[in-house]
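Written out below as structure tokens is the structure these notes cover.
Every number here is computed from the coordinates shown, using simple stated rules; none is lab data. These numbers were taken from a predicted model, which means no experiment stands behind them. With ideal geometry, Cβ positions are generated from the backbone for all residues, glycine too; neighbour counts draw on all protein chains shown.
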Amino acid sequence: MINEAVIYCHVQVEVTTLEEKEISQAVIGRLPRYFRYLGELKDGGVERISSQDLSELMKVTASQIRQDFNNFGGFGQQGYGYNVEYLYNEIGKILGLDRRHNFIIIGAGNLGRALGNYLNFEKRGFIFRGMFDGNPELVGMEVRGVRVRPMEEMEEFVAANRIDIAVLTIPKNGAVAVAEKLVQNGIRAIWNFAHVDLNVPEGIQVENVHLSDSLMKLSYNIRRGTGTDRKNV
Ligand code: NAI
């Protein structure tokens, strides 16, 4: 099943500081998983962990962990392993999770509502501020206390409420025009679920999500009989 449409432009993947410019996106892509595991260890009262133990837990090699962390100065591994809370906080800072990000969702359908109802985003500092839809019948509906507004209010809302991130959960045919309006009104990042690549100016971050990619990967692994790809779970 191939569901990609017209490719308008490449995705902007840009990092902001000189220091971070040298770090590969592959490393950045692995940080959320470290963050997640360390958060669980921290919540479980674990204070220190060796790269070997972290490696066994996460099913990645200890040398991969050390290499990844060395990109950020190694996080001061001393004596027996890493200080879990320190490492968790430092990785959180690198990911920008020590700041709050206001986000809105465009498209109050099944996917938009599911994302709006997901409480854990707030735990990570992503604050659900608004929801918009082109269908007048959905306007006024509430998703976790947030009222669905008409599209006509979107631009003013974005500019007035310091919205950083827009989540696009609309079909691909409307997504490009909506993204343009969002960018014109100061949005800095788009979490794009619409199956279309967006043509955005430099400096605007776009993260495309295709859940079916993950499913297709699963299908491949079933076909080969190799089980799940443990490296990327
Ligand atoms: P849905 O049909 O339940 O919701 C779509 C909503 O978008 C509707 O409420 C509709 O009124 C609104 N809408 C349509 N065009 C609009 C526009 N130009 N401006 C404002 N609102 C508009 O669909 P569902 O299941 O929520 O999926 C939404 C989109 O996300 C679909 O196009 C689907 O292909 C895509 N999708 C992507 C996934 C991914 O992994 N990337 C996974 C699932 C869905």
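Numerical summary
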{"quantity": "Sole residue being under 18 Å from the mean Cα position of the chain (by Cα) and of a type in the set (S, T, N, Q), chosen from ASN120, ASN110", "calculated": "ASN120"}
{"quantity": "Residue list for segment 165-186, filter: in contact with a helix residue (DSSP H, G or I) (Cβ under 7 Å, 6 or more places away or on another chain) and within 19 Å of ARG124 (Cα to Cα)", "calculated": "ALA166, VAL167"}
{"quantity": "Given (1) touching a strand residue (DSSP E or B) at 6+ places or on another chain (Cβ under 9 Å); (2) crowded, with 17+ Cβ neighbours inside 10 Å, index of the condition ASN117 fails", "calculated": "(2)"}
{"quantity": "Breaking point among (1) buried (at least 16 other Cβ atoms within 10 Å of the Cβ); (2) over 16 Å from the mean Cα position of the chain (by Cα); (3) under 23 Å from VAL158 (Cβ atoms), for VAL60", "calculated": "(3)"}
{"quantity": "Number of the exception - ARG66 against (1) in a helix (DSSP H, G or I); (2) within 30 Å of ILE187 (Cβ to Cβ); (3) among the basic types (Lys, Arg)", "calculated": "(2)"}
{"quantity": "Subset of segment 63-90 that is aliphatic (A, V, I, L, M) and within 20 Å of ILE28 (Cβ to Cβ) - its residue that is surrounded by the most Cβ atoms within 10 Å (Cβ to Cβ)", "calculated": "LEU87"}
{"quantity": "Subset of segment 206-217 (residues that are assigned to a helix (DSSP H, G or I), near the ligand (Cβ under 10 Å from one of its atoms) and in contact (Cβ under 8 Å) with a residue 60 or more places away in the chain)", "calculated": "SER212"}
{"quantity": "Exclusive hit being in a helix (DSSP H, G or I), under 18 Å from the mean Cα position of the chain (by Cα), surrounded by 12 or more Cβ atoms within 10 Å (Cβ to Cβ) and within 16 Å of the ligand (Cβ to nearest atom), set ALA175, ALA166, ALA179", "calculated": "ALA179"}
{"quantity": "Top-ranked residue in segment 84-134 [being acidic (Asp, Glu) and farther than 15 Å from PHE157 by Cβ; ranked as farthest from the ligand (Cβ to nearest atom)]", "calculated": "GLU85"}
{"quantity": "Any hit, segment 183-190, residues being within 11 Å of the ligand (Cβ to nearest atom) and among the basic types (Lys, Arg)", "calculated": "no"}
{"quantity": "GLY203 being touching a residue at least 40 places away in the same chain (Cβ under 8 Å), within 21 Å of GLY29 (Cα to Cα) and surrounded by fewer than 17 Cβ atoms within 10 Å (Cβ to Cβ)", "calculated": "yes"}
